[in-house]
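Report on one structure; see the data block that follows.
The values are calculated or read from the model by the stated rules, or taken from the named source; none is laboratory data. Note that this is a predicted model, so its numbers are computed, not measured. Cβ placement follows ideal geometry from the backbone for every residue including glycine, while neighbour counts extend to all protein chains displayed.
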Amino acid sequence: MASFRFEVVTPECIVVQQDVEYASLPGKDGQFGILANHAPIAAALDIGVVEFGPRDGERQQLALGGGFAEMDGSTLTVMGYTAELAEEIDVERAQAAKERAERRLAEKEADIDFMRAEIALKKALVRIRVASNNRHSK
């Protein structure tokens, strides 16, 4: 199988830098996949799960907090606002963030930033899902 360079970076660090055969990204219009020799592309990414690795077989996952992707030649670069590999996710912290966001969304007070609370909830749910998927695949 042909491979390509896959890089995930955030403002804080390089999260992934390896050769892969396949990557699946959370686009604004839904999940989409990238294989080697893909046409050049630039895409806005949503909060969601990034999956990468061999085309057939066990893949790694990370929780992405939105960002952008660019496929240029033989390199796919994901520039994420946040990105956490499954094994790095603190599930207790993610669960606490989920509960906090749910409480804020349940409040009917005018000073609540509902959009921010919805984003926090979505990020927490993705982190929990990625961490759970990682535990079940072991």
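To keep it simple, each residue is scored yes or no on (1) surrounded by fewer than 18 Cβ atoms within 10 Å (Cβ to Cβ); (2) in contact with a helix residue (DSSP H, G or I) (Cβ under 8 Å, 6 or more places away or on another chain); (3) among the aliphatic types (A, V, I, L, M).
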position: L35; (1), (2), (3): yes, no, yes
position: A44; (1), (2), (3): yes, no, yes
position: R55; (1), (2), (3): yes, no, no
position: L62; (1), (2), (3): no, yes, yes
position: G66; (1), (2), (3): no, no, no
position: E70; (1), (2), (3): yes, no, no
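Just checking, which of A42, A69, A124 is in contact (Cβ under 8 Å) with a residue 40 or more places away in the chain and under 17 Å from the mean Cα position of the chain (by Cα)?
A69
Does A101 meet the test of being of a type in the set (A, V, I, L, M, F, W, C), loosely packed, with under 14 Cβ neighbours inside 10 Å and at pLDDT below 95?
On the way: of a type in the set (A, V, I, L, M, F, W, C): yes; loosely packed, with under 14 Cβ neighbours inside 10 Å: no; at pLDDT below 95: yes.
Answer is no for this residue.
Inspect all residues belonging to segment 19-27 and state whether any of them is touching a residue at least 60 places away in the same chain (Cβ under 8 Å), on the phi < 0 side of the Ramachandran plot and small (G, A, S).
Taking segment 19-27 as the starting set, the residues that turn out to be touching a residue at least 60 places away in the same chain (Cβ under 8 Å) are none.
Among the residues of segment 19-27, not one is touching a residue at least 60 places away in the same chain (Cβ under 8 Å), on the phi < 0 side of the Ramachandran plot and small (G, A, S), which makes the answer no.
A94: hydrophobic (A, V, I, L, M, F, W, C), more than 24 Å from A36 (Cα to Cα) and either at pLDDT 95 or above or touching a strand residue (DSSP E or B) at 6+ places or on another chain (Cβ under 9 Å) (or both), yes or no?
Values: hydrophobic (A, V, I, L, M, F, W, C): yes; more than 24 Å from A36 (Cα to Cα): yes; either at pLDDT 95 or above or touching a strand residue (DSSP E or B) at 6+ places or on another chain (Cβ under 9 Å) (or both): yes.
Taking the combined requirement at face value, the residue satisfies it.
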Within segment 28-39, tally of residues that are more than 30 Å from R116 (Cβ to Cβ) and without any contact (Cβ under 8 Å) to a residue 24 or more places away in the chain: 1
Within segment 79-101, does at least one residue satisfy the condition of being more than 12 Å from the chain's Cα centre (by Cα) and hydroxyl-bearing (S, T, Y)? no
